[in-house]
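Right, one structure below, let's go through it.
Nothing in this text is a laboratory measurement; each read-out follows from the coordinates by a stated rule. Nothing here was measured: the structure is a model prediction, and the numbers come from that model. In this analysis, Cβ positions are derived from the backbone assuming ideal geometry, glycine residues included, and neighbour counts consider all displayed protein chains.
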Amino acid sequence: MVNVFASPSHYVQGKNVLLERTNLIKDLGDKVLLLADDTVWEIIGQDYAKALEESGISVYREAFNGEASDNEIQRVVQIGQDKESNVVIGLGGGKAIDATKAIAEDLEAATVIAPTIASTDAPTSALSVIYSDEGSFERYRFYAQNPDLVLMDSQVIANAPASFLADGIADASATFVEARANTRSMFTTMAGGQQTIASQAIARACRDTLFEYADKALAAVECNLVTPAVEKIIEANTLLSGLGFECAGLSGAHAIHNGFTAVHGAIHEKTHGEKVAYGVLVQLMLEDAPQEELNQYIEFYQRIGMPTTMAEVNLDQYSDEELLAIGKQATAEGETIHSMIEAPTAEDVVSAIKAVDRYVKRNF
């Protein structure tokens, strides 16, 4: 048995670290390929590029097309080769971050992740979720090392709509539930080995931090304020959840999220966090978790505005045949749901999806 713990080389979090810590980029290289979509470019990208250039760093900005697909990655890699880029900075959300890691590896350049929202746990890990050009889940791509630098600018994150932070809280809420499943089954984690004591402790700390500080943090971010609670939740959403999922393992919740890509339509109007939140409830139902714990997660999700019924996540719009397709995708060979000590069937997943809905309607 081999225990594995992986982490980024450097994690920096605080107010205004993007504009004030350009020296951290200069330590990595002098020719930056900055990947940012048009919205992010307008919000912070132009100011960030200017700050980098004033520090003596050459910056070429390329617009991200919105999908972390092989075609998009290859397109930007060609640009990076033409520009001789030795640092790739991903400025934006989860899919821009996933694409950046792949682009940097293909260019053999330093990887810098600079999220503008704290809505996923992607920034710290040595893997990406790769999608088709149409947005369907295809596979995980693993890297030889984690990002060289993760920059979490708390003020930039607090300036974003509070719903993004809530999405990140929901995504991070899966960390302990999924880690625990891996502990029970001794399944190989995303880092390529067994859990360490540290990874188990991080997953537990992630859960405890979310339950204690989420409400205060969301209230502050609704006013674009950075408070101690906001800093704690940013860290939980990003560092604790990122290290937790990679080193302690994914399980049913994220597999069910991936299962949703088997169908088209209304489910995709929902965010990653919303879909993961429902996936957590489905996993807890599949595990026959204690009623007290299931209730705790339902009440938590309702407080932070996450879906707890099929209608709230738009699953009520699908036929039984389509729900079974979701179950089949979630239980496909190689999916993380198989880390559960009793791996469910596609039919089991459908039953749990429906059972969560009925349980919430009956008791809340």
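Quick notes on this structure:
- Qualifying lysines (Cα of each under 16 Å from Cα of LYS354; at least 8 residues distant if same chain): LYS275, LYS328
- The Cα atoms of segment 244-328 cover 32, 29, 22 Å along the three principal axes, with the biggest extent listed first.
- Sorted largest first, the principal axis extents computed over the alpha-carbon atoms of segment 4-71 equal 39, 29, 24 Å.
- Over all directions, the projected convex hull of the C-alpha atoms in segment 75-173 averages 6.7 nm² in area.
- Seen from every direction in turn and averaged, the convex hull around the alpha carbons of segment 82-125 projects onto 2.9 nm².
- For the pair ASP27 and ASN224, a Förster radius of 51 Å applied to the C-beta separation gives a FRET efficiency near 0.95, rounded to the nearest 0.05.
- Listed residues ALA68, ALA114, ALA99: farthest to the positive end of the dipole of segment 65-131 (Cβ charges): ALA114
- From its DSSP helices (H runs of at least four residues, each -39,500 (n - 2.57)), the chain gives a residue-normalised ellipticity at 222 nm of -15000 deg cm²/dmol.
- Backbone phi angles across segment 138-145, fed through the Karplus curve with coefficients 6.51, -1.76 and 1.60 (θ = phi - 60°), yield HN-Hα couplings of 10, 5, 9, 10, 9, 10, 5, 8 Hz in residue order; Gly and Pro are listed as x.
- Reach of LYS50 by Cα under 16 Å, taken over lysines that are not fewer than 8 positions away in the same chain: LYS26, LYS31
- In whole angstrom, segment 275-364 maps to an equivalent ellipsoid with semi-axes of 21, 16, 11, each derived as √(5λ) from the alpha carbon gyration tensor and ordered largest first.
- Around the Cα centre of segment 55-139, unit charges on the Cβ atoms of Lys, Arg, Asp and Glu (plus for the first two, minus for the last two) sum to a dipole of about 300 debye.
- For TYR131, TYR143, order by how many other beta-carbon atoms lie within 10 Å, fewest first: TYR143, TYR131
- With Cα atoms, 0 to 90° folded angle of helix 197-221 axis to the chain main axis: 80
- Dipole magnitude of segment 1-41, debye to nearest 20 (Cβ charges: Lys/Arg +1, Asp/Glu -1, about Cα centre): 160
- What the Cα convex hull of segment 211-252 gives, in volume per residue, is 79 Å³.
- For the chain, the longest principal axis of the alpha carbon atoms and the long axis of helix 94-107 meet at an angle near 50°.
- Histogram of C-alpha separations across the chain, 10 Å bin width, %: 6, 26, 34, 24, 8, 1, 0
- Normalised by the number of residues in the chain, the mean separation of alpha-carbon contacts (under 8 Å, six or more apart) gives a relative contact order of 17 percent.
- Taking every alpha-carbon pair under 8 Å whose residues sit at least 6 apart, segment 1-99 reaches a relative contact order of 35 percent.
- Folded to 0 to 90 degrees: helix 320-330 orientation relative to the chain principal axis, Cα: 50
- When peptides 174-185, 342-353 are sorted by average Cβ neighbour count within 10 Å, with the highest value leading, the order is 174-185, 342-353.
- Reciprocal mean inverse distance between Cα atoms of segment 159-227 - Kirkwood radius, Å: 13.4
- Taking a Cβ cut-off of under 13 Å around ALA266, the surrounding Lys, Arg, Asp and Glu residues balance to a net charge of -3, with basic ones at +1 and acidic ones at -1.
- When the Gaussian network model of the chain links Cα atoms closer than 10 Å, the mean-square fluctuations of LEU24, LEU240, LEU34 top out at LEU24.
- Charge dipole of the chain (Cα centre as origin; +1 on each Lys and Arg Cβ, -1 on each Asp and Glu Cβ, all else neutral): 720 debye, rounded to the nearest 20.
- Calculated on C-alpha atoms, the gyration radius of segment 193-308 divided by its Kirkwood radius gives an Rg/Rh of 0.98.
- Peptides 40-51, 105-116 ordered by packing proxy, namely the average of other Cβ atoms within 10 Å per residue, highest first: 105-116, 40-51.
- Straight-line reach from LYS270: taking Cα to Cα under 18 Å and skipping same-chain neighbours fewer than 8 places apart, the aspartates and glutamates in range are GLU67, ASP121, GLU134, ASP167, ASP171, GLU312, ASP316, GLU322, ASP357.
- For segment 1-154, the fraction of alpha-carbon pairs in successive 5 Å shells from zero, as %: 2, 10, 21, 25, 22, 12, 5, 2, 1, 0
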